[in-house]
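Below: one structure, written as structure tokens.
The values are calculated or read from the model by the stated rules, or taken from the named source; none is laboratory data. Just so it is clear, the model here is predicted, and its values are computed rather than measured. Every residue, glycine among them, receives a Cβ derived from its backbone with ideal geometry; neighbour counts consider all protein chains shown.
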Amino acid sequence: MPELKEPKSLKLGKYPYTYVRTSVMKSLLFRKEDYHKMLKMGFSEIAKLLQESHYKGEINEFAREYSGADLLELALNRNLADSFKKLMRIAPYELSLLIKEYAKRKDIEDIKTIIRGKFTNTDERKILSSITAAGALSYDFLASLLKMESIEDVLKNNKIADFGVFADGLKNLREKNTLAGIENAFDKFYYNHLIQFSKVLPRQGAFFRKFLHMEVEILNILTLLRLKRAKFGKGAIKDFIILSEDKLKDAKIMRLAELDDLDELSKALEKTKYNGLISKGIDEFKKNGSLITLETEIYKHLLKQSILLLHQHPLSIDVILGYMFAKDIEVRNLKIIVKGKQLGLSEQFIENQMVF
């Protein structure tokens with residue numbers, strides 16, 4: 001698999017040009033008051049607002065073939081991809097290595113979209129419209145994966161993770177007709193790889209490492225909630241946990257995995273620093289299995305942390321990673337507004353799913 005060689009240590013110099021360019025890109029992001037304005041608008045007004053914003057170029061490009069919500073979703077995806085690829089272009093080599101490693105999460109999201117589409121026999125055009133191509137993999141390559149005969153073929157040719165990591169996931173797919181093992185293998189690979197990569201960063205990468213560990217911790221909590229509700233056995237649950245190499249945090253999450261059921265787990269989570277986040281969505285989750293409220297609260301928390309990175313370390317790698325996270329959230333929010341307005345959902349319902 002063609003892969004950039006990972007350095008034993010990454011010497012990041014001072015790159016004021018790249019950091020200033022990133023700050024300019026960050027200044028274009030929509031703010032809370034912009035979202036509140038959009039929530040009060042109709043679909044056509046939102047489309048007009050986006051066409052007059054930093055999404056103008058992409059909307060005009062796709063308007064020749066598409067219209068309505070499809071046009072806006074494609075334009076949002078393309079703008080996200082263009083923004084991330086611009087960062088890769090303007091960054092010096094050492095910095096671009098870090099950006100590409102972080103952006104692999106978008107490659108993995110796209111491959112998961114393709115696999116889910118194949119699993120559910122979704123129309124190819126619909127799958128393609130959901131692909132962002134905002135990582136290191138090109139849109140054409142991702143489209144070629146979609147043309148492959150089977151999920152196994154997609155995994156063999158994925159260019160992100162070695163095929164061997166999917167052995168258990170493929171076994172689960174064949175025996176239990178579930179994609180959970182394959183998707184978890186991607187998540188484990190990505191975070192384990194990024195944690196290893198973060199070790200070669202100099203001292204100024206400490207805040208990024210902290211953010212990464214927090215993300216892993218939160219992802220593990222969501223995994224525990226899903227699997228406890230689905231009544232998975234303790235051994236099976238432990239196989240899904242992503243280890244962060246922070247011995248204290250890893251021991252805590254393994255203790256949570258040992259708890260007998262969802263009630264015990266939710267009581268234990270009440271005693272953690274995430275109690276405020278968990279409490280808002282746990283009842284809804286117990287009732288109908290929906291993690292929407294929980295995930296929204298958690299993303300709000302992570303967004304606040306990324307904004308701290310942007311403000312506290314404006315001339316460091318943190319401004320780039322903070323921007324990438326915030327830009328990803330912006331596109332997610334805009335897709336929720338567009339889809340919600342198209343379906344005629346209430347302002348409150350749409351707002352509850354947004355992160356700002």
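Filtering the range 231-262 down to residues that are of a type in the set (A, V, I, L, M, F, W, C) and surrounded by fewer than 13 Cβ atoms within 10 Å (Cβ to Cβ), which residue is modelled with the lowest pLDDT?
Out of the qualifying residues, it is LEU248.
Take the residues of the range 310-321 that are aliphatic (A, V, I, L, M) and assigned to a helix (DSSP H, G or I): which is modelled with the lowest pLDDT?
Only one residue fits best here, namely LEU310.
Restricting to the range 34-84, what's the tally of residues that are under 20 Å from MET354 (Cβ atoms) and under 25 Å from the mean Cα position of the chain (by Cα)?
20
Which members of the range 197-214 meet the condition of being in contact (Cβ under 8 Å) with a residue 60 or more places away in the chain and either surrounded by 14 or more Cβ atoms within 10 Å (Cβ to Cβ) or under 20 Å from LYS247 (Cβ atoms) (or both)?
Residues satisfying the conditions are PHE197, VAL200, LEU201, GLN204, GLY205, PHE207, PHE208, PHE211, MET214.
Could you say which residue among ILE336, ILE298, ILE307 is closer than 28 Å to GLU45 by Cα, among the hydrophobic types (A, V, I, L, M, F, W, C) and part of a helix (DSSP H, G or I)?
From the options ILE336, ILE298, ILE307, the qualifying one is ILE336.
For the list (1) closer than 25 Å to ALA75 by Cα; (2) surrounded by 15 or more Cβ atoms within 10 Å (Cβ to Cβ), I need the number of the one condition that ILE151 fails.
(1)
List the number of the failed condition for LEU308; all other conditions in (1) farther than 26 Å from PHE186 by Cβ; (2) crowded, with 18+ Cβ neighbours inside 10 Å; (3) among the hydrophobic types (A, V, I, L, M, F, W, C) hold.
Unmet condition: (2).
Out of ASN77, ASN60, report the one residue that is out of contact with any helix residue (DSSP H, G or I) (no Cβ under 6 Å at 6 or more places or on another chain), surrounded by 15 or more Cβ atoms within 10 Å (Cβ to Cβ) and part of a helix (DSSP H, G or I).
Step by step, each of ASN77, ASN60 is checked, and only ASN77 is out of contact with any helix residue (DSSP H, G or I) (no Cβ under 6 Å at 6 or more places or on another chain), surrounded by 15 or more Cβ atoms within 10 Å (Cβ to Cβ) and part of a helix (DSSP H, G or I).
Within the range 129-141, can one find any residue that is more than 23 Å from TYR55 (Cα to Cα) and in a loop (DSSP other than H, G, I, E, B)?
Let us first name the residues in the range 129-141 that are more than 23 Å from TYR55 (Cα to Cα), namely 141.
Narrowing the set further to residues that are in a loop (DSSP other than H, G, I, E, B) leaves none.
Scanning the range 129-141, I find no residue that is more than 23 Å from TYR55 (Cα to Cα) and in a loop (DSSP other than H, G, I, E, B), so the answer is no.
Take the conditions without any contact (Cβ under 8 Å) to a residue 60 or more places away in the chain, buried (at least 18 other Cβ atoms within 10 Å of the Cβ) and outside any helix (DSSP H, G or I) and apply them to ALA161. Does it pass?
Yes: the conditions hold for ALA161.
Kindly indicate whether ARG105 is closer than 17 Å to LEU321 by Cβ and at pLDDT 95 or above.
Answer is yes for this residue.
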